[in-house]
Amino acid sequence: MMPACDHIIFCLSQPSLSAKDASAALAALRLAASRHDCPSQAIRLEGAGVSLVEALRAAERSGARAVRVQPVGFPMAANILAWLPGALAHWQQSEAPAMQVWLGGQPDPAALLPAMVDACLDHAAPARAAKPSLGKPGWQYLPDHDSHILVCTGPRCAFRGAGTLTARLKAMLAEAGLSDRCLTTTTGCLYPCNQGPLVAIYPRNHWYVLPDEEALRALVHEVIGKAGDLPQYRLAERPRRQVAS
Ligand code: FES
């Protein structure tokens, strides 16, 4: 039975959506949410935009006392569903002990699949109508860059505010005239999730935790612009295991 909640946060989980598709998916979620007689928000669990923590805080500020977090994905990844209960309990106990937080359930994907297949079979386009191509001519060469920045936008880093990191990073690089020197790529989980949000910079293999705008600005100007280092934000490497010779 659905618990009595006074706020719902719909969380779309699909890491590889383009900005355009993410916007369309969130609009569809908002439309679906509007059919429920309850204030709601629609966010992405991964990628740019409002993070789950920001949405929870907004719900609390609005006076909500019982919030349902409803993951939406097809299917939802098992590792995300395994992580979410602990992450929500952590937030609730550390930031809003008086608030109830519920985690919404999931449908059985096997039960939904037949309807999806039927909907897909309603549409088709002739492949011969498209121009034959396996790629664009410009996709022949390595992009010019000195540094490759991997920005983790996995769910745990997104929970800690990585959602807008990539957009801010790209904007700051552009403002500093450094865009052409860096290849910036968003990734899924890079593993040191407890320290997120984080970036990894190659070929130096230096990893930095970026908790706020100040850290991001320092990274752009000191690490990228001057090829320097920021020891205060740098993640320590674990001692490597000795390999028997
Ligand atoms: S989600 Fe970013 S390191 Fe795991």
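The values are calculated or read from the model by the stated rules, or taken from the named source; none is laboratory data. Because the structure is a prediction, the values reported are computed rather than measured. Note that we place each Cβ from the backbone using ideal geometry, even for glycine, and neighbour counts take in every protein chain shown.
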Practice item. Determine whether segment 98-117 contains at least one residue that is farther than 29 Å from A77 by Cβ and in a loop (DSSP other than H, G, I, E, B). Key: yes
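Residue-wise test of (1) in the same structural domain as W91 (by TED's automatic domain parsing); (2) surrounded by 12 or more Cβ atoms within 10 Å (Cβ to Cβ); (3) more than 16 Å from the ligand (Cβ to nearest atom).
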| position | (1), (2), (3) |
| --- | --- |
| A127 | no, no, yes |
| K131 | no, no, yes |
| C193 | no, yes, no |
| I201 | no, yes, no |
| Y208 | no, yes, no |
| R217 | no, yes, yes |
| H221 | no, yes, yes |
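Quick check on my filter: what residues within segment 180-191 are hydrophobic (A, V, I, L, M, F, W, C) and either assigned by TED's automatic domain parsing to the domain that holds G49 or away from the ligand (no atom under 16 Å from the Cβ) (or both)?
C182, L183
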Practice item. Quick one: G177 ticks every box in (1) on the phi > 0 side of the Ramachandran plot; (2) away from the ligand (no atom under 16 Å from the Cβ); (3) touching a Pro at 6+ places or on another chain (Cβ under 9 Å) except a single one, so which number is it? Key: (3)
Check your understanding: Any idea which of A22, A28, A55 is free of Cβ contacts under 8 Å to residues at least 12 places away in the same chain, in a helix (DSSP H, G or I) and either farther than 17 Å from T166 by Cβ or not hydroxyl-bearing (S, T, Y) (or both)?
Key -> A28
Exercise for review: Consider only pairs whose beta carbons are under 8 Å apart and that are at least six residues apart or on different chains; among these, list those whose first residue lies in segment 173-200 and is under 15 Å from A227 (Cα atoms) and whose second residue is within 13 Å of the ligand (Cβ to nearest atom) and of a type in the set (A, V, I, L, M).
Suggested key: A200/L150; A200/L190
Check your understanding: Looking at A167, is it under 30 Å from W91 (Cα atoms), away from the ligand (no atom under 16 Å from the Cβ) and either touching a residue at least 24 places away in the same chain (Cβ under 8 Å) or assigned to a loop (DSSP other than H, G, I, E, B) (or both)?
Key -> yes
**Study point:** Selected residue [at pLDDT 90 or above and under 23 Å from the mean Cα position of the chain (by Cα)] from A162, A124, A115, A171
**Key:** A171
